[in-house]
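See structure below.
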Amino acid sequence: MAYVTDKSAGFERDPFLHPLDAILADIAIAVQLPPGLHAKACERYEAVRAYAERPSSPLHGLILRFYPQGSMAIDATISVRGTDDEYDLDVIAALAVALDAPPAEVLDLLYEAIVGYPTSQKVMRQTRCVTVRYTDRMHLDITPAVRLPHGAERESIIFHAHPDDPPRHHLHVPMNAYGFASWYLERTPLEQRFALAFDERLRKAYGMEVRADAEVDEVPDQVSLITKSVTTVALQLLKRFRNIAYASSTGRIPPSVLMSRFAGHAALTRLSLSDMVIRQARLIAGELRQASQRRENVIVVNPVFQRDCFTDRWPENLSQQEEFAGKLAGLADGLEYIKRHETDLESLRDWLRVQFGDYVVSGAIRRFNQRVGQAVQGGGTAYTSRGGLYVPSAPALVGLGTAASSRAVAATGHTFRGERR
Amino acid sequence: MRASWPALRAERIDARTACWRGPLKPLLQTYEVHVVYRAPVIIELIDPLRQQPRVRILSPGLKQRRRDAEGDLPHVYWDDPNCPALCLFDHETGEWTPFHLLADTTIPWTIDWLTCYEGWRAAGEWTGGGRHAAPLLSQETRP
(Lines give C-alpha, C1' and ligand atoms only; values in the text may rest on other atoms or scores of the structure.)
Protein backbone atom coordinates (compact mmCIF):
# COMPACT_ATOMS: atom_id res chain seq x y z
CA MET A 1 0.00 0.00 0.00
CA ALA A 2 1.28 3.49 -0.80
CA TYR A 3 1.61 6.03 1.97
CA VAL A 4 2.49 9.67 1.96
CA THR A 5 5.05 10.25 4.69
CA ASP A 6 5.65 13.77 5.86
CA LYS A 7 9.13 14.11 7.18
CA SER A 8 9.68 17.63 5.99
CA ALA A 9 10.00 18.90 9.53
CA GLY A 10 12.31 16.06 10.59
CA PHE A 11 9.61 14.22 12.50
CA GLU A 12 6.02 13.22 12.14
CA ARG A 13 3.60 14.89 14.48
CA ASP A 14 1.46 12.55 16.55
CA PRO A 15 -1.97 12.90 14.88
CA PHE A 16 -3.72 12.67 18.25
CA LEU A 17 -1.54 15.07 20.20
CA HIS A 18 -4.31 17.66 20.38
CA PRO A 19 -7.15 16.43 22.63
CA LEU A 20 -9.80 17.62 20.19
CA ASP A 21 -8.28 15.45 17.44
CA ALA A 22 -8.09 12.50 19.82
CA ILE A 23 -11.74 12.84 20.80
CA LEU A 24 -12.93 13.39 17.22
CA ALA A 25 -11.11 10.19 16.30
CA ASP A 26 -12.92 8.39 19.12
CA ILE A 27 -16.24 9.71 17.78
CA ALA A 28 -15.39 8.58 14.26
CA ILE A 29 -14.47 5.13 15.57
CA ALA A 30 -17.84 4.89 17.30
CA VAL A 31 -19.88 5.56 14.15
CA GLN A 32 -18.04 3.63 11.51
CA LEU A 33 -18.37 0.10 10.29
CA PRO A 34 -16.77 -2.17 12.89
CA PRO A 35 -13.67 -4.12 11.84
CA GLY A 36 -14.56 -7.18 9.84
CA LEU A 37 -17.96 -5.96 8.72
CA HIS A 38 -16.67 -4.58 5.43
CA ALA A 39 -15.36 -8.02 4.49
CA LYS A 40 -18.62 -9.54 5.72
CA ALA A 41 -20.56 -7.13 3.52
CA CYS A 42 -18.52 -8.23 0.51
CA GLU A 43 -19.19 -11.87 1.32
CA ARG A 44 -22.88 -11.10 1.64
CA TYR A 45 -23.28 -9.33 -1.64
CA GLU A 46 -21.43 -12.12 -3.41
CA ALA A 47 -23.84 -14.56 -1.77
CA VAL A 48 -26.81 -12.46 -2.91
CA ARG A 49 -25.35 -12.35 -6.41
CA ALA A 50 -24.99 -16.13 -6.47
CA TYR A 51 -28.60 -16.48 -5.34
CA ALA A 52 -29.83 -13.97 -7.95
CA GLU A 53 -27.98 -15.92 -10.67
CA ARG A 54 -29.52 -19.30 -9.82
CA PRO A 55 -31.02 -21.23 -12.74
CA SER A 56 -34.60 -20.48 -11.72
CA SER A 57 -33.94 -16.74 -11.29
CA PRO A 58 -35.41 -14.27 -13.82
CA LEU A 59 -31.91 -12.76 -13.95
CA HIS A 60 -30.16 -16.06 -14.67
CA GLY A 61 -27.40 -15.35 -17.18
CA LEU A 62 -28.03 -11.60 -17.04
CA ILE A 63 -25.82 -10.58 -14.12
CA LEU A 64 -22.41 -9.28 -15.15
CA ARG A 65 -21.06 -8.39 -11.70
CA PHE A 66 -21.83 -6.84 -8.34
CA TYR A 67 -19.49 -4.12 -7.07
CA PRO A 68 -19.53 -1.66 -4.17
CA GLN A 69 -20.60 1.92 -4.66
CA GLY A 70 -20.98 5.03 -2.56
CA SER A 71 -19.54 5.02 0.94
CA MET A 72 -18.70 1.35 0.73
CA ALA A 73 -16.49 1.92 -2.29
CA ILE A 74 -14.46 4.63 -0.54
CA ASP A 75 -14.58 2.98 2.90
CA ALA A 76 -16.51 5.87 4.41
CA THR A 77 -19.53 3.97 5.72
CA ILE A 78 -21.05 5.17 8.97
CA SER A 79 -24.14 4.21 10.92
CA VAL A 80 -27.49 5.02 9.37
CA ARG A 81 -29.32 8.23 10.28
CA GLY A 82 -31.36 7.76 13.42
CA THR A 83 -29.20 4.91 14.66
CA ASP A 84 -25.81 4.36 16.18
CA ASP A 85 -25.19 0.85 14.94
CA GLU A 86 -27.03 0.10 11.70
CA TYR A 87 -25.21 0.23 8.42
CA ASP A 88 -26.26 0.67 4.79
CA LEU A 89 -23.90 -0.92 2.29
CA ASP A 90 -24.43 0.06 -1.34
CA VAL A 91 -23.79 -2.25 -4.24
CA ILE A 92 -24.28 -1.97 -8.00
CA ALA A 93 -25.71 -4.96 -9.85
CA ALA A 94 -24.45 -4.63 -13.42
CA LEU A 95 -26.99 -6.33 -15.68
CA ALA A 96 -27.16 -7.36 -19.30
CA VAL A 97 -30.62 -5.95 -19.98
CA ALA A 98 -31.74 -3.35 -22.52
CA LEU A 99 -30.52 0.15 -21.86
CA ASP A 100 -33.97 1.55 -22.48
CA ALA A 101 -35.84 -1.07 -20.48
CA PRO A 102 -38.65 0.49 -18.46
CA PRO A 103 -37.24 1.38 -15.04
CA ALA A 104 -40.02 -0.29 -13.09
CA GLU A 105 -39.51 -3.52 -15.02
CA VAL A 106 -35.79 -3.66 -14.24
CA LEU A 107 -36.32 -2.94 -10.55
CA ASP A 108 -39.12 -5.49 -10.38
CA LEU A 109 -36.90 -8.03 -12.13
CA LEU A 110 -34.14 -7.54 -9.59
CA TYR A 111 -36.67 -7.79 -6.78
CA GLU A 112 -38.05 -11.05 -8.18
CA ALA A 113 -34.53 -12.42 -8.49
CA ILE A 114 -33.69 -11.64 -4.85
CA VAL A 115 -36.99 -12.03 -2.98
CA GLY A 116 -36.93 -15.21 -0.99
CA TYR A 117 -33.24 -14.80 -0.23
CA PRO A 118 -32.83 -16.47 3.16
CA THR A 119 -32.63 -13.61 5.63
CA SER A 120 -35.03 -13.27 8.50
CA GLN A 121 -36.33 -9.96 7.22
CA LYS A 122 -38.32 -9.02 4.13
CA VAL A 123 -36.53 -8.02 0.93
CA MET A 124 -37.80 -4.56 -0.09
CA ARG A 125 -38.17 -2.95 -3.48
CA GLN A 126 -37.24 0.75 -3.30
CA THR A 127 -37.22 3.61 -5.82
CA ARG A 128 -33.73 2.89 -7.19
CA CYS A 129 -32.66 -0.30 -5.45
CA VAL A 130 -33.65 -3.50 -3.72
CA THR A 131 -32.78 -3.78 -0.02
CA VAL A 132 -31.78 -6.95 1.79
CA ARG A 133 -31.80 -6.64 5.59
CA TYR A 134 -29.88 -8.78 8.05
CA THR A 135 -30.53 -9.33 11.73
CA ASP A 136 -27.15 -7.88 12.71
CA ARG A 137 -28.41 -4.47 11.50
CA MET A 138 -26.62 -4.47 8.16
CA HIS A 139 -28.65 -3.53 5.07
CA LEU A 140 -27.53 -4.17 1.51
CA ASP A 141 -28.96 -1.75 -1.06
CA ILE A 142 -28.55 -3.30 -4.50
CA THR A 143 -28.97 -0.91 -7.43
CA PRO A 144 -29.43 -2.36 -10.90
CA ALA A 145 -27.41 -0.68 -13.64
CA VAL A 146 -26.76 -1.11 -17.34
CA ARG A 147 -23.45 -0.08 -18.84
CA LEU A 148 -23.50 2.59 -21.53
CA PRO A 149 -22.18 1.03 -24.75
CA HIS A 150 -19.65 3.69 -25.73
CA GLY A 151 -18.81 5.27 -22.43
CA ALA A 152 -15.77 5.15 -20.18
CA GLU A 153 -15.37 2.19 -17.87
CA ARG A 154 -18.62 1.49 -15.98
CA GLU A 155 -20.40 4.61 -17.14
CA SER A 156 -23.94 3.34 -16.73
CA ILE A 157 -27.62 4.03 -16.39
CA ILE A 158 -29.54 3.25 -13.22
CA PHE A 159 -33.32 3.11 -12.93
CA HIS A 160 -35.62 5.37 -10.96
CA ALA A 161 -39.20 4.15 -10.40
CA HIS A 162 -41.10 4.87 -7.21
CA PRO A 163 -43.71 2.12 -6.83
CA ASP A 164 -46.47 4.72 -6.30
CA ASP A 165 -45.54 6.96 -9.25
CA PRO A 166 -46.97 6.58 -12.74
CA PRO A 167 -44.54 5.41 -15.47
CA ARG A 168 -44.20 8.90 -16.91
CA HIS A 169 -42.31 9.87 -13.74
CA HIS A 170 -39.87 6.99 -14.04
CA LEU A 171 -36.35 7.82 -15.15
CA HIS A 172 -33.10 6.49 -16.56
CA VAL A 173 -30.36 8.15 -14.53
CA PRO A 174 -26.70 8.37 -15.63
CA MET A 175 -24.18 7.05 -13.08
CA ASN A 176 -20.54 6.14 -12.73
CA ALA A 177 -20.01 5.19 -9.11
CA TYR A 178 -16.92 3.16 -9.96
CA GLY A 179 -15.23 6.09 -11.68
CA PHE A 180 -16.09 8.43 -8.84
CA ALA A 181 -14.66 6.07 -6.23
CA SER A 182 -11.46 5.76 -8.25
CA TRP A 183 -11.22 9.55 -8.52
CA TYR A 184 -11.77 9.96 -4.77
CA LEU A 185 -9.22 7.34 -3.76
CA GLU A 186 -6.63 8.83 -6.10
CA ARG A 187 -7.08 12.26 -4.55
CA THR A 188 -6.98 11.16 -0.91
CA PRO A 189 -3.56 9.72 -0.13
CA LEU A 190 -3.01 7.74 3.04
CA GLU A 191 -0.72 9.44 5.51
CA GLN A 192 1.15 6.65 7.23
CA ARG A 193 1.25 8.08 10.73
CA PHE A 194 -2.45 8.89 10.82
CA ALA A 195 -3.55 5.67 9.13
CA LEU A 196 -1.65 3.43 11.53
CA ALA A 197 -2.50 5.47 14.63
CA PHE A 198 -6.19 5.45 13.73
CA ASP A 199 -6.08 1.73 13.01
CA GLU A 200 -4.50 1.11 16.42
CA ARG A 201 -7.26 3.02 18.22
CA LEU A 202 -9.98 1.37 16.17
CA ARG A 203 -8.68 -2.07 17.07
CA LYS A 204 -8.31 -1.23 20.74
CA ALA A 205 -11.90 0.00 20.76
CA TYR A 206 -12.99 -3.45 19.55
CA GLY A 207 -10.57 -5.39 21.69
CA MET A 208 -8.40 -6.37 18.73
CA GLU A 209 -5.05 -5.07 19.86
CA VAL A 210 -1.88 -5.50 17.90
CA ARG A 211 1.21 -5.80 20.08
CA ALA A 212 2.56 -2.32 20.75
CA ASP A 213 6.02 -3.19 19.52
CA ALA A 214 4.89 -5.11 16.44
CA GLU A 215 6.41 -4.18 13.13
CA VAL A 216 3.98 -3.62 10.28
CA ASP A 217 4.84 -6.89 8.56
CA GLU A 218 4.27 -8.86 11.76
CA VAL A 219 0.57 -8.03 11.76
CA PRO A 220 -1.20 -11.27 10.90
CA ASP A 221 -2.83 -11.37 7.49
CA GLN A 222 -6.23 -12.10 8.91
CA VAL A 223 -6.01 -8.92 10.98
CA SER A 224 -5.53 -6.72 7.94
CA LEU A 225 -4.91 -3.10 8.69
CA ILE A 226 -7.86 -0.77 8.40
CA THR A 227 -6.26 2.21 6.75
CA LYS A 228 -8.11 5.43 6.39
CA SER A 229 -7.03 8.87 5.33
CA VAL A 230 -7.63 11.98 7.38
CA THR A 231 -9.93 13.10 4.56
CA THR A 232 -12.14 10.03 4.84
CA VAL A 233 -12.37 10.11 8.63
CA ALA A 234 -13.27 13.80 8.48
CA LEU A 235 -15.91 12.97 5.85
CA GLN A 236 -17.34 10.33 8.18
CA LEU A 237 -17.57 12.89 10.98
CA LEU A 238 -19.34 15.34 8.69
CA LYS A 239 -21.80 12.67 7.60
CA ARG A 240 -22.52 11.87 11.22
CA PHE A 241 -22.99 15.59 11.92
CA ARG A 242 -25.44 15.73 9.01
CA ASN A 243 -27.33 12.68 10.33
CA ILE A 244 -27.73 14.31 13.74
CA ALA A 245 -28.64 17.71 12.29
CA TYR A 246 -31.39 16.12 10.20
CA ALA A 247 -32.39 13.40 12.66
CA SER A 248 -35.96 14.59 12.90
CA SER A 249 -36.36 15.59 9.25
CA THR A 250 -38.76 13.65 7.11
CA GLY A 251 -37.68 14.86 3.68
CA ARG A 252 -34.47 14.38 1.72
CA ILE A 253 -31.19 15.30 3.34
CA PRO A 254 -27.90 16.41 1.78
CA PRO A 255 -26.57 13.34 -0.02
CA SER A 256 -23.40 11.61 1.07
CA VAL A 257 -22.08 11.57 -2.48
CA LEU A 258 -22.18 15.37 -2.59
CA MET A 259 -20.19 15.52 0.63
CA SER A 260 -17.74 12.94 -0.72
CA ARG A 261 -17.18 15.02 -3.84
CA PHE A 262 -16.23 18.02 -1.77
CA ALA A 263 -14.08 15.88 0.50
CA GLY A 264 -12.15 14.74 -2.54
CA HIS A 265 -11.58 18.37 -3.51
CA ALA A 266 -10.60 19.31 0.04
CA ALA A 267 -8.01 16.53 0.38
CA LEU A 268 -4.67 17.83 1.59
CA THR A 269 -1.77 16.29 3.46
CA ARG A 270 -0.46 17.43 6.84
CA LEU A 271 -3.81 18.62 8.14
CA SER A 272 -5.04 17.53 11.54
CA LEU A 273 -8.38 15.76 11.77
CA SER A 274 -10.12 18.81 13.26
CA ASP A 275 -8.64 21.10 10.62
CA MET A 276 -9.80 18.74 7.87
CA VAL A 277 -13.35 18.68 9.26
CA ILE A 278 -13.29 22.50 9.32
CA ARG A 279 -11.89 22.63 5.79
CA GLN A 280 -14.53 20.30 4.33
CA ALA A 281 -17.37 22.03 6.19
CA ARG A 282 -16.30 25.46 4.97
CA LEU A 283 -15.80 24.26 1.40
CA ILE A 284 -19.29 22.78 1.19
CA ALA A 285 -20.89 25.76 2.94
CA GLY A 286 -19.06 28.15 0.62
CA GLU A 287 -20.27 26.39 -2.53
CA LEU A 288 -23.84 26.25 -1.28
CA ARG A 289 -23.81 29.94 -0.35
CA GLN A 290 -22.34 30.97 -3.68
CA ALA A 291 -25.13 29.11 -5.45
CA SER A 292 -27.69 30.80 -3.22
CA GLN A 293 -26.20 34.19 -4.07
CA ARG A 294 -26.84 33.37 -7.72
CA ARG A 295 -30.39 32.39 -6.70
CA GLU A 296 -29.73 28.87 -7.96
CA ASN A 297 -29.85 25.41 -6.47
CA VAL A 298 -26.30 24.11 -6.34
CA ILE A 299 -25.36 21.66 -9.08
CA VAL A 300 -22.68 19.12 -8.23
CA VAL A 301 -21.74 16.48 -10.77
CA ASN A 302 -19.48 13.46 -10.88
CA PRO A 303 -16.03 14.84 -11.79
CA VAL A 304 -15.42 11.86 -14.11
CA PHE A 305 -18.91 11.72 -15.66
CA GLN A 306 -20.66 15.07 -16.00
CA ARG A 307 -24.06 13.55 -16.74
CA ASP A 308 -24.06 11.89 -13.32
CA CYS A 309 -25.61 14.63 -11.21
CA PHE A 310 -25.18 14.29 -7.45
CA THR A 311 -27.76 16.97 -6.72
CA ASP A 312 -30.67 15.67 -8.80
CA ARG A 313 -32.78 15.12 -5.68
CA TRP A 314 -31.34 17.60 -3.17
CA PRO A 315 -31.55 20.54 -2.67
CA GLU A 316 -35.14 21.02 -3.70
CA ASN A 317 -34.98 24.76 -3.01
CA LEU A 318 -32.67 27.56 -1.86
CA SER A 319 -33.91 27.34 1.68
CA GLN A 320 -32.66 23.77 2.03
CA GLN A 321 -29.18 24.58 0.80
CA GLU A 322 -28.93 27.70 2.94
CA GLU A 323 -30.00 25.71 5.94
CA PHE A 324 -27.26 23.14 5.42
CA ALA A 325 -24.68 25.83 4.71
CA GLY A 326 -25.60 27.50 7.99
CA LYS A 327 -25.29 24.27 9.94
CA LEU A 328 -21.88 23.49 8.44
CA ALA A 329 -20.62 27.00 9.11
CA GLY A 330 -21.77 26.64 12.70
CA LEU A 331 -19.83 23.40 13.09
CA ALA A 332 -16.68 24.93 11.60
CA ASP A 333 -17.03 28.06 13.75
CA GLY A 334 -17.47 25.94 16.87
CA LEU A 335 -14.44 23.78 16.19
CA GLU A 336 -12.28 26.82 15.46
CA TYR A 337 -13.48 28.48 18.66
CA ILE A 338 -12.54 25.43 20.68
CA LYS A 339 -9.08 25.36 19.17
CA ARG A 340 -8.44 29.02 19.92
CA HIS A 341 -10.07 29.44 23.31
CA GLU A 342 -10.25 27.79 26.70
CA THR A 343 -12.72 25.05 27.42
CA ASP A 344 -12.80 22.11 29.79
CA LEU A 345 -13.59 18.56 28.80
CA GLU A 346 -17.05 18.72 30.35
CA SER A 347 -18.08 21.75 28.26
CA LEU A 348 -16.52 20.22 25.18
CA ARG A 349 -18.52 17.06 25.76
CA ASP A 350 -21.76 19.06 25.96
CA TRP A 351 -21.06 20.89 22.71
CA LEU A 352 -19.96 17.74 20.88
CA ARG A 353 -23.11 15.93 21.98
CA VAL A 354 -25.19 18.48 20.12
CA GLN A 355 -23.09 18.04 16.98
CA PHE A 356 -22.58 14.28 16.92
CA GLY A 357 -25.18 12.76 19.23
CA ASP A 358 -25.35 12.00 22.95
CA TYR A 359 -24.67 8.29 22.95
CA VAL A 360 -21.71 8.37 20.60
CA VAL A 361 -20.03 11.36 22.23
CA SER A 362 -20.53 10.04 25.75
CA GLY A 363 -18.91 6.81 24.65
CA ALA A 364 -16.04 8.67 23.01
CA ILE A 365 -15.40 10.74 26.13
CA ARG A 366 -15.50 7.60 28.26
CA ARG A 367 -12.95 5.93 26.01
CA PHE A 368 -10.75 9.02 26.03
CA ASN A 369 -10.92 9.12 29.82
CA GLN A 370 -10.13 5.42 30.12
CA ARG A 371 -7.16 5.68 27.79
CA VAL A 372 -5.72 8.67 29.61
CA GLY A 373 -6.29 7.10 33.00
CA GLN A 374 -4.58 3.86 31.99
CA ALA A 375 -1.65 5.81 30.63
CA VAL A 376 -1.38 7.87 33.81
CA GLN A 377 -1.37 4.73 35.93
CA GLY A 378 1.10 2.96 33.68
CA GLY A 379 3.48 5.87 33.13
CA GLY A 380 2.59 5.97 29.43
CA THR A 381 1.84 9.65 29.08
CA ALA A 382 3.77 12.40 27.32
CA TYR A 383 3.85 16.08 28.20
CA THR A 384 4.28 19.29 26.28
CA SER A 385 6.18 22.38 27.44
CA ARG A 386 2.91 24.16 28.21
CA GLY A 387 1.85 21.45 30.59
CA GLY A 388 -0.19 19.50 28.09
CA LEU A 389 -0.73 15.76 28.40
CA TYR A 390 -1.40 13.25 25.66
CA VAL A 391 -1.22 9.52 25.14
CA PRO A 392 1.24 8.90 22.33
CA SER A 393 0.11 6.82 19.40
CA ALA A 394 2.10 3.59 19.21
CA PRO A 395 5.31 4.86 17.63
CA ALA A 396 6.76 1.41 17.22
CA LEU A 397 4.19 0.62 14.56
CA VAL A 398 5.65 3.33 12.41
CA GLY A 399 9.22 3.44 13.68
CA LEU A 400 9.07 7.18 14.04
CA GLY A 401 9.83 9.59 16.82
CA THR A 402 7.36 11.56 18.84
CA ALA A 403 6.47 15.18 18.28
CA ALA A 404 9.29 17.59 18.90
CA SER A 405 7.03 19.59 21.19
CA SER A 406 6.90 16.81 23.79
CA ARG A 407 9.09 17.27 26.80
CA ALA A 408 12.13 15.38 27.90
CA VAL A 409 10.36 14.77 31.24
CA ALA A 410 9.53 11.12 31.41
CA ALA A 411 6.29 10.03 32.99
CA THR A 412 6.89 8.31 36.31
CA GLY A 413 4.48 6.11 38.17
CA HIS A 414 2.69 7.53 41.17
CA THR A 415 -0.41 6.82 43.22
CA PHE A 416 -2.94 9.50 44.02
CA ARG A 417 -3.92 9.57 47.68
CA GLY A 418 -5.77 12.16 49.71
CA GLU A 419 -8.84 12.26 51.88
CA ARG A 420 -12.27 11.20 50.69
CA ARG A 421 -14.84 13.75 51.82
CA MET B 1 12.25 23.71 36.64
CA ARG B 2 12.81 26.57 34.21
CA ALA B 3 14.13 24.22 31.53
CA SER B 4 11.20 21.81 31.70
CA TRP B 5 8.33 24.14 32.60
CA PRO B 6 9.28 27.62 31.40
CA ALA B 7 5.85 29.12 32.13
CA LEU B 8 6.17 28.52 35.87
CA ARG B 9 7.62 31.54 37.70
CA ALA B 10 9.80 30.88 40.71
CA GLU B 11 9.87 32.92 43.87
CA ARG B 12 12.15 32.38 46.80
CA ILE B 13 10.43 32.80 50.12
CA ASP B 14 13.21 32.03 52.54
CA ALA B 15 16.37 29.97 52.73
CA ARG B 16 14.50 26.70 52.60
CA THR B 17 11.23 27.58 50.90
CA ALA B 18 10.42 28.29 47.31
CA CYS B 19 7.23 28.52 45.36
CA TRP B 20 6.30 28.42 41.74
CA ARG B 21 3.23 29.80 40.10
CA GLY B 22 2.02 29.69 36.55
CA PRO B 23 -0.16 28.09 33.91
CA LEU B 24 -0.51 24.46 32.98
CA LYS B 25 -2.82 23.36 30.17
CA PRO B 26 -3.30 19.60 30.26
CA LEU B 27 -6.10 19.47 27.66
CA LEU B 28 -7.98 22.55 26.47
CA GLN B 29 -8.24 24.49 29.74
CA THR B 30 -5.42 26.45 31.35
CA TYR B 31 -5.09 26.22 35.11
CA GLU B 32 -3.12 28.61 37.29
CA VAL B 33 -1.20 26.42 39.72
CA HIS B 34 0.73 27.25 42.85
CA VAL B 35 3.45 24.97 44.18
CA VAL B 36 5.27 25.57 47.43
CA TYR B 37 7.99 23.46 48.92
CA ARG B 38 9.94 23.82 52.13
CA ALA B 39 13.09 21.69 52.15
CA PRO B 40 13.57 19.74 55.38
CA VAL B 41 16.45 20.61 57.67
CA ILE B 42 17.35 16.96 58.13
CA ILE B 43 16.38 14.92 55.11
CA GLU B 44 16.49 11.65 57.02
CA LEU B 45 13.76 12.90 59.34
CA ILE B 46 11.33 14.02 56.63
CA ASP B 47 7.71 13.09 57.00
CA PRO B 48 6.59 12.82 53.34
CA LEU B 49 2.96 13.25 54.29
CA ARG B 50 3.41 16.58 55.99
CA GLN B 51 6.53 17.91 54.27
CA GLN B 52 5.70 17.27 50.63
CA PRO B 53 5.39 19.96 47.98
CA ARG B 54 1.96 21.53 48.19
CA VAL B 55 0.08 22.08 44.97
CA ARG B 56 -3.07 24.16 44.78
CA ILE B 57 -5.16 25.14 41.80
CA LEU B 58 -5.77 28.88 41.97
CA SER B 59 -8.02 29.18 38.92
CA PRO B 60 -10.41 28.23 37.57
CA GLY B 61 -11.94 26.92 40.75
CA LEU B 62 -12.19 23.16 40.97
CA LYS B 63 -15.77 21.94 40.73
CA GLN B 64 -16.88 19.46 43.32
CA ARG B 65 -19.43 16.72 42.85
CA ARG B 66 -21.34 15.95 46.02
CA ARG B 67 -21.66 12.35 47.09
CA ASP B 68 -19.42 11.05 44.31
CA ALA B 69 -17.81 7.67 44.99
CA GLU B 70 -14.42 9.34 44.93
CA GLY B 71 -15.56 12.09 47.30
CA ASP B 72 -16.56 15.66 46.55
CA LEU B 73 -13.20 16.13 44.83
CA PRO B 74 -10.88 13.15 44.29
CA HIS B 75 -7.45 12.87 45.84
CA VAL B 76 -7.00 16.14 47.66
CA TYR B 77 -6.23 17.22 51.21
CA TRP B 78 -9.01 19.33 52.66
CA ASP B 79 -6.69 21.53 54.69
CA ASP B 80 -8.32 24.51 53.02
CA PRO B 81 -11.90 23.75 51.97
CA ASN B 82 -11.84 26.60 49.47
CA CYS B 83 -8.55 25.60 47.87
CA PRO B 84 -7.55 22.06 48.81
CA ALA B 85 -4.07 20.72 48.15
CA LEU B 86 -3.66 17.99 45.58
CA CYS B 87 -2.44 14.61 46.76
CA LEU B 88 -0.18 13.34 44.04
CA PHE B 89 1.70 10.37 45.46
CA ASP B 90 1.61 7.65 48.07
CA HIS B 91 3.62 8.90 51.01
CA GLU B 92 3.87 5.37 52.44
CA THR B 93 5.73 3.82 49.51
CA GLY B 94 8.56 6.24 48.84
CA GLU B 95 7.19 7.43 45.50
CA TRP B 96 8.52 10.86 46.32
CA THR B 97 11.50 11.91 48.44
CA PRO B 98 13.38 15.19 48.72
CA PHE B 99 15.93 13.70 46.33
CA HIS B 100 13.35 13.78 43.52
CA LEU B 101 13.23 16.87 41.35
CA LEU B 102 9.88 18.64 41.51
CA ALA B 103 10.16 19.25 37.77
CA ASP B 104 10.22 15.49 37.20
CA THR B 105 7.54 14.57 39.73
CA THR B 106 5.31 17.24 41.23
CA ILE B 107 4.64 19.13 38.01
CA PRO B 108 3.89 16.18 35.68
CA TRP B 109 1.88 14.57 38.48
CA THR B 110 -0.12 17.79 38.76
CA ILE B 111 -0.78 17.60 35.02
CA ASP B 112 -1.88 13.98 35.50
CA TRP B 113 -4.23 15.04 38.30
CA LEU B 114 -5.77 17.87 36.30
CA THR B 115 -6.31 15.59 33.29
CA CYS B 116 -7.94 12.92 35.40
CA TYR B 117 -10.01 15.60 37.14
CA GLU B 118 -11.37 16.81 33.79
CA GLY B 119 -12.13 13.23 32.79
CA TRP B 120 -13.88 12.67 36.12
CA ARG B 121 -16.05 15.73 35.54
CA ALA B 122 -16.85 14.83 31.93
CA ALA B 123 -17.22 11.05 32.11
CA GLY B 124 -18.14 10.56 35.76
CA GLU B 125 -15.23 8.29 36.54
CA TRP B 126 -11.80 8.88 38.03
CA THR B 127 -9.55 6.67 35.91
CA GLY B 128 -6.16 7.69 37.31
CA GLY B 129 -6.22 5.12 40.07
CA GLY B 130 -5.14 5.87 43.62
CA ARG B 131 -6.29 5.24 47.14
CA HIS B 132 -7.60 7.31 49.97
CA ALA B 133 -6.02 8.18 53.29
CA ALA B 134 -7.59 8.89 56.66
CA PRO B 135 -8.52 12.55 57.15
CA LEU B 136 -5.70 14.73 58.48
CA LEU B 137 -5.92 17.55 60.96
CA SER B 138 -5.81 20.70 58.84
CA GLN B 139 -3.22 22.50 60.98
CA GLU B 140 -0.77 19.64 60.51
CA THR B 141 -0.78 19.88 56.72
CA ARG B 142 -0.64 23.62 56.14
CA PRO B 143 2.95 24.51 55.09
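The values are calculated or read from the model by the stated rules, or taken from the named source; none is laboratory data. All figures in this text were calculated on a predicted structure; none of them were measured in a lab. With ideal geometry, Cβ positions are generated from the backbone for all residues, glycine too; neighbour counts draw on all protein chains shown.
Brief remarks on what is shown
- Top-ranked residue in region B:75-95 [being not in a loop (DSSP other than H, G, I, E, B) and not β-branched (Val, Ile, Thr); ranked as nearest to B:Thr105 (Cα to Cα)]: B:Leu86
- Exactly one residue out of A:Ser57, A:Ser71, A:Ser79 is without any contact (Cβ under 8 Å) to a residue 60 or more places away in the chain, in contact with a helix residue (DSSP H, G or I) (Cβ under 8 Å, 6 or more places away or on another chain) and either on the phi > 0 side of the Ramachandran plot or of a type in the set (S, T, N, Q) (or both): that is A:Ser57.
- Qualifying residues in region B:78-100 (those that are more than 9 Å from chain A (Cβ to nearest Cβ) and polar (S, T, N, Q)) - the one farthest from A:Glu346 (Cα to Cα): B:Thr97
- Some residue of region A:342-352 being acidic (Asp, Glu) and closer than 30 Å to B:Ala3 by Cβ: yes
- For region B:3-26, the candidate set comprises residues that are loosely packed, with under 13 Cβ neighbours inside 10 Å and within 11 Å of chain A (Cβ to nearest Cβ); within that set, the residue that is farthest from A:His341 (Cα to Cα) is B:Ala3.
- Residue in region B:48-60 that is more than 9 Å from every other protein chain (Cβ to nearest Cβ), small (Gly, Ala, Ser) and in a loop (DSSP other than H, G, I, E, B) present: no
Quick grid of which residues meet (1) in contact with a strand residue (DSSP E or B) (Cβ under 8 Å, 6 or more places away or on another chain); (2) closer than 24 Å to A:Leu348 by Cβ; (3) surrounded by 19 or more Cβ atoms within 10 Å (Cβ to Cβ); (4) modelled with pLDDT under 95:
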site	(1), (2), (3), (4)
B:Ala39	yes, no, no, yes
B:Ile42	no, no, no, yes
B:Val76	yes, yes, yes, yes
B:Ala103	no, no, no, yes
B:Tyr117	no, yes, yes, no
B:Thr127	no, yes, yes, no
B:Gly130	no, no, yes, yes
B:Glu140	no, no, no, yes
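- Within region A:39-54, being closer than 20 Å to A:Ala177 by Cβ and touching a residue at least 40 places away in the same chain (Cβ under 8 Å) holds for A:Ala41, A:Arg44, A:Tyr45, A:Val48, A:Arg49, A:Ala52.
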